[in-house]
Every structure is written in C-alpha cells, then in structure tokens.
Amino acid sequence: MEQAAFDVLCLQEVTRRIAPSPDWLIYRDPYRRLDQRADLFGDISRLLPGWLATFAPATRGLLEDAAGRPIWSEHGLACWVAPQLSVTGSRQDFVHGRFRASGWGPEPVPRAVQMQRIASGGAALVVAHLHGLRDPNGKGDTPDRDTQAASLRRQLREFRNGNETVVVAGDFNLLPDSSTFDVLAAEGLIELVTTRGHSDTRTVLYPKAQRHANYCFVSDPDRVIAFDVPATPVMSDHRPMILDLTI
C-alpha cells in the first residue's frame, strides 16, 4: 500500500468504525467466527494520504471486542483515487435491496455499487465495482442475480456519458456461464478473466474446487496494457485483479 503503485483501488468487504473500539473486533454468526479490523477503511486511508477515499455502506451491525462487548460497525465497498486524478462524478446505490441499519441479518444481504468518473487531462474513465449476491446454494444464476445484473446495467447507462471507457469489477459470486455476462456484453463490456485464460481467482485460503468468483469487464479492450490475477501476495481468499490501461 505504501508504495502505491496504482492509481485507483477498489475493495469489497470493507469495515468502517462508527463507534469507539479496539483495532480488532470479532464477527460471529451460527457458522463462523472471523477476526475483523475495526476500521479497514481508515487503515487504508491513512496509508494513502491525499487520496480521495469514498465508502459505500451496505449494512450496519454488531461486532464484538475480545471481552464479548457488542460494538456497532459498518460494512460495504470502498474506493481510493490518487491525488493526481480528478473525480468529476460519482454514484453510490444498490443493485440489490437497500441499506440495512438494524443488523447484518440473513442472506441475501443488501449489495451496493460504487461508480466514479475519473478524469486525466481531457479524457475520462468510468470505474464501477460491486460485491455480487451470495447464495448458500451456490454461484448459479437466480432471479435475484438476474435482477442484480439488470440494475447494474441500468445504472451504468444512466451514469456513463457517451462512449466513455468503462471498467466494472468485483467479486460477482457467479460462474463463468452466468447470463450476467450477456447482460453486460449488451453494453459492450468484455470480461478479462475468462477471455485472457485465467482459470483461478481464489488463493490457497479457499479450499473449494470452484475457482471463479472475481471478474473484470472493460468496454474497450484495446486500451488494456496488462491484466493479471496474481496468486501472491495472499491477503484474503480472493486474488487481486490488477488492470493497467490507458484512459
């Protein structure tokens, strides 16, 4: 992070501190116990001074400290844009549900989307990202996921100006044969993970055989200089997606 060898950083599953707390908290549900940074949004923002940081909460719920005391927290998406770039427009909304303020609640949880119009010189680029719906039954298409895709397409249409280059990325929680690919292809978006031969978007921390979850769509693949989904460094059970392109 401190090297900041990138211009735009998009992350999902980001926590934001909204009440005094220790730096580490615990998430619990009937199936798991997860240690959480209390303020991942603040942690990264401090490593990127001067960057434009935006947070899109999807849910607000209770975590615990080491003594079991409940502490309110927010969970959602975040984006950081380097200071040499101009953010000339932004949109923050939902592709499923609406903000849930009274606790994490059952699946499916609300799903937010962030969009930024980023300018450099006289050119602009739209960067959008989301964390797609999770379904305990798997990553196949469902009516809710079809509705999510239609919402994403509509919001891209409303936000995009003319033929601006568009990037849409994130953990879609989908299989490569999902109809979401067709929905976004109708907007002229080409997916890079599957079309560039990447067969694995998960790290060694993910034990299951199905290795696809993350995808990156671009409207103008000719602008892509490089795209990679590296196995290391291991920071979560998802590999990062690294896109280098010209605006």
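Miscellaneous remarks
- A Förster distance of 30 Å, applied to the separation of the beta-carbon atoms of Lys208 and Ala101, puts the FRET efficiency at 0.40.
- Between the beta carbons of Ala186 and Ala19, assuming R0 = 45 Å, the FRET efficiency works out to 0.55 to the nearest 0.05.
- Working ranking of peptides 166-178, 103-115, 24-36, 42-54 by packing, defined as the average number of other Cβ atoms within 10 Å per residue, highest first, is 166-178, 103-115, 42-54, 24-36.
- Across every pair of non-identical alpha carbons in the stretch 1-92, the mean reciprocal distance, once inverted, gives a Kirkwood radius of 14.2 Å.
- In degrees, nearest ten, helix 143-159 long axis to first principal axis of the chain (Cα): 60
- Nonlocal amide H pairs with Ser90, under 5 Å, H built at 1.01 Å: Arg117
- Each residue of the stretch 191-196 is assigned a 3J(HN,Hα), and the resulting list reads 8, 8, 4, 6, 7, 10 Hz, derived from the Karplus form 6.51 cos²θ - 1.76 cosθ + 1.60 (θ = phi - 60°), x at Gly and Pro.
- Scattering profile of the stretch 8-245 at q = 0.08, 0.10, 0.13 Å⁻¹ [log10 I(q)/I(0), Debye over alpha-carbon scatterers]: -0.30, -0.47, -0.82
Read-outs: derived from the displayed coordinates by stated rules, not from any lab. A quick note: this is a predicted structure, and the numbers were derived from the prediction, not measured. Neighbour counts run over all protein chains shown; Cβ positions are idealised from the backbone, glycine included.
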